[in-house]
Structure formats: C-alpha cells, structure tokens
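Notes follow once the structure below has been shown.
The values are calculated or read from the model by the stated rules, or taken from the named source; none is laboratory data. Quick caveat: nothing in here was measured; it's all calculated off a predicted structure. We place every Cβ from the backbone using ideal geometry, glycine too, and count neighbours over all the protein chains shown.
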Amino acid sequence: MDESIIIAPVVVGILFIGLPWIILHYITQWKKSGSISREDENLLDDLYETARRLDDRLHSIERIVAAETPELEVRRPAPELPRSDIRQIREK
C-alpha cells in the first residue's frame, strides 16, 4: 500500500512533467543549431578554395603528362562557376 502511494505521483510526474520537458528541450536545441554557423561557412569557403587549387594542379599535371605521352587523352575541365554564383546557390 505504501509503495503505490509513492509510485503514482512519480509516474504522473514523469509522464506530465519530465517527458514534455525532455522533448521541448531537444526541440529547442534542434532549432538553435538548424542553420550553418559563420565559422562553418568560413571552413567551407576554405575547403572550396583548397579543392579548386588541387583541381588546377591536377589539370596542370594532366597537361604535362599528355604533352609527354600523346596517346593519352586529357579530360576537359568542367566549367567553373564564379564565386558569386556559388554564394547565390548556397543562399537559396
């Protein structure tokens, strides 16, 4: 009998206070981190620049190898988007 008196308020507290509190807490955390931070955006810009430079180096190496070995095919580089177009795509 004594246990049921204690268990009932604990279960009601968990169901009506604890569970909604946990759900609302994680919903607000999810909404706060829903967008990209300025630091992450700077990191993406740095990674883009590094990838572009590596791609340029690869094309240079391919041209050198193709000049030395004429039977190899050199792939044509994909057209590169200007930085302003990339920023507009990201903002959409």
Query raised in the report: Taking D45 and the conditions (1) surrounded by 11 or more Cβ atoms within 10 Å (Cβ to Cβ); (2) more than 28 Å from the chain's Cα centre (by Cα), which numbered condition does it fall short on, given that it satisfies the others?
Result: (2)
Query raised in the report: Do the conditions hold for I14, that is, is it surrounded by 10 or more Cβ atoms within 10 Å (Cβ to Cβ), among the hydrophobic types (A, V, I, L, M, F, W, C) and in a loop (DSSP other than H, G, I, E, B)?
Result: no
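Would you call R87 modelled with pLDDT under 90, assigned to a helix (DSSP H, G or I) and under 30 Å from the mean Cα position of the chain (by Cα)? Talk me through it step by step, then tell me what you get.
Numbers: modelled with pLDDT under 90: yes; assigned to a helix (DSSP H, G or I): yes; under 30 Å from the mean Cα position of the chain (by Cα): yes.
So R87 fits the description; yes.
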